[in-house]
Amino acid sequence: MKPAQRIAELRELIVQYNEAYFTHDAPLVPDADFDALVRELKALEEANPDLLEVDSPSQRVGGALSVVFSPVTHAEPMLSLDNVFDVDELVAWADRACKGLDLEPAFLRFAVEPKIDGLALSIRYENGTLVQAATRGDGRVGEDVSDNVRTISNVPKRLPNGAPNLVEVRGEVFLAKSDFEQLNARQRELGQKEFANPRNAAAGSLRQKDSAVSAQRPLSFLSYQLVDLGSSLALDSYLDQMDLLAQWGFLTAPEKSGELGVTAMVERSSWFETHRHDLPYDIDGVVIKVDSLAQREALGSTSRAPRWAIARKLPPEERTTKLLAIEVSIGRTGRATPYAVLEPVLVAGSTVSMATLHNQDQVALKDVRVGDTVIVRKAGDVIPEVVSAVEVKGQKRSAPWKFPSTCPECDGALERLGEESDTYCVNPACPAQQMQKIIHFASRGAMDIEGLGDQRVAQLLSEGLIKDVADLFSLEIQAVAQLEGMGELSANSLVANIQSAKERPLSKVLVGLGIRHVGPVAARELAKAFGEYSALAKAPLEILESLPGVGPIIAESVFDYMRDPESALRMDKMVKAGVTLSEPNSSEGIEQTLTGKAIVVTGGVEGYTREGAEAAIVLRGGTSPGSVSKKTFCVVVGEAPGASKVSKAEELGIPMLPASEFERLLSTGSLSPNL
Ligand code: IVH
């Protein structure tokens, strides 16, 4: 192929991949493959300068603008970074910088820091106040995301006295790995789509139309550039600038360090390669910067990137491999999850031979077929997933994959329920479901029973020693000791572990029961509000719904679970076996101010729905009957009250309280401030 032809082809591909990545947050190829294409294009353009064009993607920073946010022209362009991929290239870059500065390699001082895999952001402060925050966009014009950025808790909204009148603080918006896990746990609880990786979650969260949604996402900001637009700071070192930012309350990378000389710099940059998985955020490389601002000035920048900084890219977390088969696994709720069986491939330090395909729609959307070459991704500790298929020109593909209609474990029907994207095995007796339920019950996030892993559960089930989680508590040492691979000693310790799990708090039991949509967050709310399983089991739907963090979907699921006769039987067994089923310190959240008091509410109370007001009473230990009697403690009279309730209260001499006093009644339990 002639260079001109290949250059045209590369430009087209890069523009297409760039748009998929930046505009749709949906990469088509692994980052490493993309980088390789850009490098090939640059090399060809360098070798054929007559073919270079100003609008070639090699000359642009990348990223297109979306339509939702207003454009912001950056006071100074937000440049990108050039990349190197190994130590030789890194040393070559450093040598060029030394030559440019006429310095021996041993005497140049560098800052070495993580390259956070998030989104670049520039925050402008005028007279100490945050006035605007913008994404990078194409480097020259970005998007105004000020409202959303104001909801990020670690972004200072004001700078301390003495800070310059006009500065821009630039850095990366990201989701810490643990926050990402929690966000996805929450999405799962709510039956909503999970995010593929922290970067996509951060991008989606920052570019929300509604800043209330951004506010619920645990975004963080880490700064790595101070743009002193009024040139009023007398600092001459980048690391000193970072110290100043830290004093102003910004997060800067705790792992950054100053290194004197090329050798020390290279060594430090390699440290990140071995420690990337220990960091609290995803990184896709290491950034090396010349520390002295004067030296930076002397080195200058190209239109795309500074010469005084470089990104050392770490080996990709995405790899391509062959899709050997698509199979379906059955989870504890009966959910049938398609997964890819892969030709084993090393991704992010471990061999991956299986990867999730999430659900039927995802398989169709990604259009992955048996025999395809596919991209496999592993972000942090997340389960590996198939990102997409790679088009191989001229390769014949197999037919699109069809979701099976029967369960591979029990042959029962697989059904798709209502609007959900998931398919379920609806046979409650499906052995795969039973086994997964028990494994989940014993797992670390639930009852945390040591020694009760997948294999052991499978054995206990197949030997008929247990059928349900509740049976675990009456297991006898002699019976367990008979299992293959077990002896008196290990049986003893397993049974002891199970017995000590009886004391686990109610929230852990609730997680363990695997009630649909109830994850750790909702479980804690429920346990805290009711304290005892028996109280939760009796709770009316309206009260469940009114709890913070428990919406209608979770409430209905809990309500239905509690009314299922199987649940009652299970609980009966657990109570008899001595399982505690209560939450220590549950009253910590809500003080029981109304214990034993019957309070009737009539008419509208500001800030509450009817059910909400009743729920507020019940949660504090009171009752809220629908009619007034001699036993009524008081009647709360709101907007447009019912005439019969008011006259009945008058007739019986029951105290009446204006709705404006409702909050006080809830917090003190008394009728007037003096009582
Ligand atoms: S410095 C003029 N430092 O990487 C230099 N960038 O590929 C501006 N990034 O747009 C960038 N961590 O979004 C710098 N410690 C770090 C970084 C970092 C992540 C991102 C940033 C930038 C992109 C360039």
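Looking at (1) exposed (fewer than 15 other Cβ atoms within 10 Å of the Cβ); (2) out of contact with any Asp or Glu (no Cβ under 8 Å at 6 or more places or on another chain); (3) not in a loop (DSSP other than H, G, I, E, B), which one does Ser231 not meet, given that it meets all the others?
Exception for Ser231: condition (3).
Inside the stretch 526-567, counting only helices (runs of 4 or more DSSP H) that do not spill past its ends, which hold 2 or more residues that are in contact with an Asp or Glu (Cβ under 8 Å, 6 or more places away or on another chain)? Before the answer, list the steps.
Details: elements: 533-538, 541-546, 552-562.
Passing ranges, in order: 541-546, 552-562.
Any idea which of Ala133, Ala120 is part of a strand (DSSP E or B), small (Gly, Ala, Ser), buried (at least 19 other Cβ atoms within 10 Å of the Cβ) and within 13 Å of the ligand (Cβ to nearest atom)? Don't jump to the end; show me each part of the working.
On the way: Ala133 fails: within 13 Å of the ligand (Cβ to nearest atom).
None of the others qualify; the one that does is Ala120.
Return the residue satisfying two criteria in turn: it lies in the stretch 243-268 and is under 28 Å from the mean Cα position of the chain (by Cα) and either part of a helix (DSSP H, G or I) or of a type in the set (Val, Ile, Thr) (or both), and of such residues it is nearest to the ligand (Cβ to nearest atom).
Thr252
It is to be established whether one or more residues within the stretch 272-290 are away from the ligand (no atom under 12 Å from the Cβ), within 17 Å of Glu89 (Cα to Cα) and of a type outside the set (Gly, Ala, Ser).
yes
May I ask you to list the residues in the stretch 256-268 that are buried (at least 16 other Cβ atoms within 10 Å of the Cβ) and over 16 Å from Ala106 (Cα atoms)?
Lys256
Could you say which residue among Pro344, Pro384 is over 26 Å from Pro428 (Cβ atoms), buried (at least 17 other Cβ atoms within 10 Å of the Cβ), modelled with pLDDT under 90 and not basic (Lys, Arg)? So that I can check it myself, show each step before the final result.
Numbers: Pro344 fails: buried (at least 17 other Cβ atoms within 10 Å of the Cβ).
Of the residues listed, the single one that is over 26 Å from Pro428 (Cβ atoms), buried (at least 17 other Cβ atoms within 10 Å of the Cβ), modelled with pLDDT under 90 and not basic (Lys, Arg) is Pro384.
Please state which of the following conditions Gly371 fails to meet, knowing it meets all the rest: (1) without any contact (Cβ under 8 Å) to a residue 60 or more places away in the chain; (2) outside any loop (DSSP other than H, G, I, E, B).
With respect to (1) without any contact (Cβ under 8 Å) to a residue 60 or more places away in the chain; (2) outside any loop (DSSP other than H, G, I, E, B), Gly371 is out only on (2).
When the residues of the stretch 300-328 are filtered to those that are within 12 Å of the ligand (Cβ to nearest atom), farther than 21 Å from His277 by Cβ and of a type in the set (A, V, I, L, M), which remaining residue is surrounded by the most Cβ atoms within 10 Å (Cβ to Cβ)?
Ile310
Does Asp82 satisfy being modelled with pLDDT of 75 or more and acidic (Asp, Glu)? So that I can check it myself, show each step before the final result.
On the way: modelled with pLDDT of 75 or more: yes; acidic (Asp, Glu): yes.
It is true that Asp82 is modelled with pLDDT of 75 or more and acidic (Asp, Glu).
Restricting to strands (runs of 3 or more DSSP E) lying wholly in the stretch 594-675: which have 3 or more residues that are of a type in the set (Val, Ile, Thr) and out of contact with any Pro (no Cβ under 7 Å at 6 or more places or on another chain)?
Numbers: elements: 598-602, 632-637, 656-658.
Strands (runs of 3 or more DSSP E) meeting the threshold: 632-637.
The values are calculated or read from the model by the stated rules, or taken from the named source; none is laboratory data. Treat the numbers as computed from the prediction; the structure is a model and nothing was measured. Note that we place each Cβ from the backbone using ideal geometry, even for glycine, and neighbour counts take in every protein chain shown.
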